[in-house]
Amino acid sequence: MGGDFYQKKSPDPATDPYLIHYNPSANQLIGLDITPEAMPEFTNIFSGNQALPDSSPLAMAYSGHQFGVYNPRLGDGRGLLISEANVPDGSTWDIYLKGCGPTRFARGFDGRATLRSSIREYLAGEAMHALGIPSTRALGLIGIRDLIFRERPELAAVLVRLSDSHIRFGSFEYFHYSNKSEKIPKLIDHAIHRHFPHIANSNDKYRLFFREIIKNTAVLIAHWQTVGFVHGVMNTDNMLITGATFDYGPFGFLDRFNPGFTANSSDSHGRYSWGKQPEIGHWNLGKLGETLVTVCDSSALEEELSNYQPIYNQTFKALMGKKLGLILLDEEFSTLVGRLFHILSKNPADFTNFFRGLSNFPRGSWENLYDYFPDQKVLDDWLSLYRKLIDREEQDDDQRASEMNRANPKFILRSHLLEHAISKALKESDYTEIDRLFAFAQSPFDELPKCLVGENLDSQFYYADTPQNLIESRLSCSA
């Protein structure tokens, strides 16, 4: 597409790379099945030390709004798109090395990624995918012996990211704000060919392009909200046009139900809190829409954007219906959900474990839910309304419980579990906790991952409420 869109560059050599973790399911997704004998070559290639045949690595140009303020100086400063994998089902996946050295977009930084942040992103992508939420994934995690400096000296790593796209809202902003709007149709046409070929021959393809992105974004954020996921850095450069969760910086999950919780310690005003994520999704789409005015009438773009909230509302309601095991999603259902969020906000209930425990109501061991409510009448009043809605549907309780357990995870990637795994990796070069979290993350709805059955471990450690002193822990963007 030309030099305005990217910089061609090879990865910088990495010192003594070593494989920390390999992801079989992500590799199989693109047709790779690496034998143990081939692991050294895998490590060498995906650390950046050996080129893939016929590969032409590139760093993509983009800009974006960060915390509501436009920043023109972004771009792939420490990562390279090294290849595309075309698989038999017709899909195409980007293979991207994050932390493989500086590019012309590095803004004076070293172009490396910390092992700490790479572990977080590696596990997070797998956890979100297993929850049924669109996300980037990773083929593997590779440590390198280079020492890098952030707030203190840090071990470095290369994350081998797999994504259906790396085209961001900020990719369009880059050309719009640099007075190169003539490049935008070319970028859109490429994106349509790659991601939305069903609209390629439409006379309204640019309007439909925006419509697809609006739908993808609304659906994604509805999924985030119903599992309590908090992105932490919803800048426009971290929003993909395909609606996949992208760039796991200071992310987190709700411990207790606090709509004002943000996982980002740098977010002093709570712009990216859980409760504001749907609104920010709309705001970011508005900024994308502004870049499309040269190819589509502004009134048409505004009309499309007006559909964001209804799509979000409909998706959120449907997902909440599954979480509560209810089919009839009428006004009484909406009242039930509203009252539930109200009582959860006023009481110290763990968001994830409350919903998981609720699947046992009215038959089974659900009474421990009272432990979350100092005034038990508060829960009783809500449960009486819930029971009324259950009874009117005449569902089989066992079947409803089974379906609820497929909608409400037993395991989420809690921040203190991640920090425990990271600490062992950094201090002891012990990656066993990464292995375990990887197994739990791949089976979030199971009582215990099959691969861990028979292991001598305290499974409750991974499923329990977040310890009181670690509730709502936050990280900075540099962590």
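The values are calculated or read from the model by the stated rules, or taken from the named source; none is laboratory data. Note that this is a predicted model, so its numbers are computed, not measured. Using ideal geometry, Cβ is built from the backbone for each residue, glycine included, and neighbour counts are taken over all protein chains shown.
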statement: Note on region 75-94: residues buried (at least 21 other Cβ atoms within 10 Å of the Cβ) and aliphatic (A, V, I, L, M) are Leu80, Ile82
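One residue is enough: does region 327-346 have a residue meeting the conditions assigned to a loop (DSSP other than H, G, I, E, B), more than 20 Å from Arg211 (Cβ to Cβ) and touching a residue at least 40 places away in the same chain (Cβ under 8 Å)?
First pass over region 327-346, keeping only residues assigned to a loop (DSSP other than H, G, I, E, B): 327-330.
Filter again for more than 20 Å from Arg211 (Cβ to Cβ), leaving 327-330.
Subsequent filtering for residues that are touching a residue at least 40 places away in the same chain (Cβ under 8 Å) retains 327-328.
Within region 327-346 (the criterion being assigned to a loop (DSSP other than H, G, I, E, B), more than 20 Å from Arg211 (Cβ to Cβ) and touching a residue at least 40 places away in the same chain (Cβ under 8 Å)), the answer is yes, since at least one residue qualifies.
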message: Within region 9-46, take every residue that is more than 28 Å from the chain's Cα centre (by Cα), loosely packed, with under 14 Cβ neighbours inside 10 Å and of a type outside the set (S, T, N, Q) and give me the one that is nearest to Asp430 (Cα to Cα).
response: Asp16
- prompt: If you go through region 268-279 one residue at a time, do you hit one that is modelled with pLDDT under 95 and of a type in the set (Ser, Thr, Tyr)?
  reply: yes
message: Against the conditions (1) surrounded by 13 or more Cβ atoms within 10 Å (Cβ to Cβ); (2) within 26 Å of the chain's Cα centre (by Cα), where does Ser334 fall short? Just the number, please.
response: (2)
Exclusive hit being crowded, with 16+ Cβ neighbours inside 10 Å and modelled with pLDDT of 95 or more, set Asn307, Asn347: Asn347
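For region 300-313, state whether one or more residues are in a helix (DSSP H, G or I), under 20 Å from Trp274 (Cβ atoms) and either basic (Lys, Arg) or not assigned by TED's automatic domain parsing to the domain that holds Leu208 (or both). Quick ask: steps written out before the conclusion?
Here is the first cut: in region 300-313, the residues in a helix (DSSP H, G or I) are 300-305, 308-313.
After this cut, where a residue has to be under 20 Å from Trp274 (Cβ atoms) as well, the list is 308-309, 311-313.
Subset that is either basic (Lys, Arg) or not assigned by TED's automatic domain parsing to the domain that holds Leu208 (or both): none.
Looking for residues that are in a helix (DSSP H, G or I), under 20 Å from Trp274 (Cβ atoms) and either basic (Lys, Arg) or not assigned by TED's automatic domain parsing to the domain that holds Leu208 (or both), one finds none in region 300-313, hence no.
Determine whether Lys317 is basic (Lys, Arg) and touching a Leu at 6+ places or on another chain (Cβ under 8 Å). Talk me through it step by step, then tell me what you get.
Working: basic (Lys, Arg): yes; touching a Leu at 6+ places or on another chain (Cβ under 8 Å): yes.
Yes.
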query: Just wondering, is there one or more residues in region 286-296 that are aliphatic (A, V, I, L, M), under 19 Å from the mean Cα position of the chain (by Cα) and in a helix (DSSP H, G or I)?
result: no
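In region 31-47, how many are part of a loop (DSSP other than H, G, I, E, B) and at pLDDT below 95? Steps first, answer last, please.
Let us first name the residues in region 31-47 that are part of a loop (DSSP other than H, G, I, E, B), namely 31-35, 47.
When the remaining residues are screened for being at pLDDT below 95, the result is 31-35.
Here the count works out to 5.
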- line: Conditions (1) under 30 Å from Ala425 (Cα atoms); (2) at pLDDT 95 or above -> Phe175 fails only (1)
field: Total residues in region 99-110, condition buried (at least 23 other Cβ atoms within 10 Å of the Cβ) and within 20 Å of Tyr248 (Cβ to Cβ)
entry: 2
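With respect to Phe109, determine if the residue is of a type in the set (Phe, Trp, Tyr), assigned by TED's automatic domain parsing to the domain that holds Ser63, farther than 17 Å from Leu437 by Cα and in contact (Cβ under 8 Å) with a residue 60 or more places away in the chain.
On the way: of a type in the set (Phe, Trp, Tyr): yes; assigned by TED's automatic domain parsing to the domain that holds Ser63: yes; farther than 17 Å from Leu437 by Cα: yes; in contact (Cβ under 8 Å) with a residue 60 or more places away in the chain: no.
Against the criterion (of a type in the set (Phe, Trp, Tyr), assigned by TED's automatic domain parsing to the domain that holds Ser63, farther than 17 Å from Leu437 by Cα and in contact (Cβ under 8 Å) with a residue 60 or more places away in the chain), Phe109 does not qualify.
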statement: Taking region 14-30 and keeping only residues that are in a loop (DSSP other than H, G, I, E, B) and either outside the structural domain of Gly143 (by TED's automatic domain parsing) or closer than 21 Å to Ile119 by Cα (or both), one is left with Ala14, Thr15, Asp16, Pro17, Asn23
Condition check for Lys276: basic (Lys, Arg), on the phi < 0 side of the Ramachandran plot, in a helix (DSSP H, G or I) and assigned by TED's automatic domain parsing to the domain that holds Glu212: yes
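Here's the yes/no breakdown for (1) touching a residue at least 60 places away in the same chain (Cβ under 8 Å); (2) out of contact with any Lys or Arg (no Cβ under 6 Å at 6 or more places or on another chain); (3) of a type in the set (A, V, I, L, M, F, W, C):
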{"residue": "Lys377", "(1), (2), (3)": "no, yes, no"}
{"residue": "Arg387", "(1), (2), (3)": "no, yes, no"}
{"residue": "Asp397", "(1), (2), (3)": "no, no, no"}
{"residue": "Pro409", "(1), (2), (3)": "yes, yes, no"}
{"residue": "Ala421", "(1), (2), (3)": "yes, yes, yes"}
{"residue": "Lys427", "(1), (2), (3)": "no, yes, no"}
{"residue": "Asp435", "(1), (2), (3)": "yes, yes, no"}
{"residue": "Ala439", "(1), (2), (3)": "no, yes, yes"}
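Okay, residues lined up against (1) in contact with a Phe, Trp or Tyr (Cβ under 9 Å, 6 or more places away or on another chain); (2) not assigned by TED's automatic domain parsing to the domain that holds His223:
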position: Tyr122; (1), (2): yes, yes
position: Arg150; (1), (2): no, yes
position: Arg161; (1), (2): yes, yes
position: Lys180; (1), (2): yes, no
position: Ala191; (1), (2): yes, no
message: Could you check region 84-132 and list, in sequence order, the residues that are more than 22 Å from the chain's Cα centre (by Cα) and of a type in the set (S, T, N, Q)?
response: Asn86, Thr103
query: What pairs come up if the first residue lies in region 219-247 and is not assigned by TED's automatic domain parsing to the domain that holds Gly338, the second is acidic (Asp, Glu) and crowded, with 24+ Cβ neighbours inside 10 Å, and their beta carbons are under 7 Å apart, counting only those six or more places apart or on different chains?
result: Thr236/Glu173
Members of region 407-426 found to be farther than 14 Å from Ile119 by Cα and either small (Gly, Ala, Ser) or exposed (fewer than 13 other Cβ atoms within 10 Å of the Cβ) (or both), listed by number: Ala407
